[in-house]
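Step one of this worksheet: look at the structure below.
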Amino acid sequence: MNEPAVGERTLMGHPRGLFVLFFTEMWERFSFYSMRGILTLYTTMVVLAAMGQDAAGAQADQIYGAYLGFVYATTFVGGILADRLLGQRRAIYIGGTLMALAQFTLAGHALLVRGGTPVAELNWMFFTGLGLLSCGNGFFKPNISTIVGTLYKQGDARRDVAFTIFYMGINIGAFMSAFASGFAESQGWHLGFILAGVGMLLGMGIFAFGLKSIEGKGLPPEGAKLSGTGRFGLPNGLLLVLGIALLVPVVAWLISNPQWVQKIALIIAGPIVLYLLWEATRGNREEAGRMIVILVLCTFSMMFWGFFELAGSTITRFTKEAVDRQVFSYEIPATFLANSVNTLLIILLSIPVAGVWVWLDRKRLEPSSPLKFALGLAQLSLGFGMLFIGAKQAETSGKSALVWLLLGFFFHTTGELCLSPVGLSTITKLAPTRLVGMFMGVWFLSSALGNVLAPWVAGVREGGTYVEVFPRIALITAIGAGVLLVLVKPLKKMMHGVK
């Protein structure tokens, strides 16, 4: 099925609601990446400055990993709450509100430090901002992606293209954020956080005014009410508020102690996998097979995103410390490069890559989702190989040529285009309808584990040099790609006709 339903209001062949979600997500991603672009440098140069550059950099990378871990881990809870109580719309409103509050909290922290308040007295404020962002993203991120999937009926070939278009919106927002990050790096950190907060408010405004085009999608499940009685005889709404009020400071404290987060991640991963396997046994044979495929793909997604997201920490520090960023008489800000190259390539390549998948589908030659994942990991490995060459050059001559950084980002981007939009679409196609929100949360939870564990696996926390870290990652991801390539055929069989 490739054509719009009779009476469906479309734009460019897609439901109009897709473009409301496109612009909502675009501004939310502008907000997220504006802050992400400066987070590691701000943490190193301001929050942890007293530790010295090398120690502060290693600790900042771990804080960044723990923060991203919670950013993605909370999506698991946010997906379940949307499925069982809130619906996707309410979850998006709650998430957007928390994230806007978080950005302005971080801006307040930067302004107080700028005004002379000792940094040590403001640690609570900085980490509370990260806690609010983590919880807000948990409500927002899985549920806006879920609504995109619900705009299309099962089997509609437009769905993959829709997720690629949606993904391009993500990267337009991320590309715009590079200017905000670069501006903040040169003019004042507080400006980056303020711009991020304004971007979040713009996204929420677009969502509110465009709700009619979503045509009844994302509503609470039948019978679910915030005023209804929940656990302990308390209203569901009150329990929700109390839960958020408790979770934010706990997450903030854990992010400030990233070593604890790494230990907890290893402990909780097992029970979560066992629970999901139990869910698989409750369905029929087709459902069980498809859910197992989701778990396998999420495992390799964990590997991909854990190392890919080092772009915001280890690779950003490498860019600032070891890359020759001088172009003619202008030195490009490290935060601008770290945020702009990947996203600009995504914008330029998203539509052509989507067109290639559609063309291959017509020829009955389109690779299966597991094969696309393997291709993504292989290209991520190649990208870290390029960064290793740059790091070796910097070790001998003092600075790496910019070309090695650009080639690293190029291969990371082509790998991302093979895996990320396809992954989101695959989850919505493979997951049972009753569990689609939860499994969207599982998809992001795998990214959470990857981000928490990646600095440890790569050796960042031991103070490993770039020459040691980059080849280690290249080898691990190459092995992962090879293993997944072997599993492609049995996984494809277990998908029972889903591409």
- Query: Which residues, counting only those in the stretch 489-499, are assigned to a helix (DSSP H, G or I) and either under 24 Å from the mean Cα position of the chain (by Cα) or surrounded by 17 or more Cβ atoms within 10 Å (Cβ to Cβ) (or both)?
  - Reply: Leu491, Lys492, Met494
- Item | Odd one out for Ala265, checked against (1) touching a residue at least 40 places away in the same chain (Cβ under 8 Å); (2) more than 30 Å from Asp61 (Cβ to Cβ); (3) in a helix (DSSP H, G or I) | (2)
- Message: Would you confirm whether or not the stretch 194-215 contains a residue that is in contact (Cβ under 8 Å) with a residue 60 or more places away in the chain, part of a loop (DSSP other than H, G, I, E, B), within 30 Å of Thr343 (Cα to Cα) and of a type in the set (D, E, K, R)?
- Response: no
- Would you pick out the residues in the stretch 280-292 that are touching a residue at least 12 places away in the same chain (Cβ under 8 Å), more than 16 Å from Leu445 (Cα to Cα) and either crowded, with 17+ Cβ neighbours inside 10 Å or touching a helix residue (DSSP H, G or I) at 6+ places or on another chain (Cβ under 6 Å) (or both)? Ala280, Glu287, Gly289, Arg290
- Item | Cβ-Cβ under 9 Å pairs, at least 6 apart or on other chains, the stretch 117-139 side at negative phi and β-branched (Val, Ile, Thr), far side modelled with pLDDT under 95 and not in a helix (DSSP H, G or I) | Val119/Leu48
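The values are calculated or read from the model by the stated rules, or taken from the named source; none is laboratory data. In this text the structure is predicted, and so the values were computed from the model without any measurement. A quick note on method: Cβ atoms are made from the backbone with ideal geometry, for glycine too, and the neighbour counts reach across all protein chains shown.
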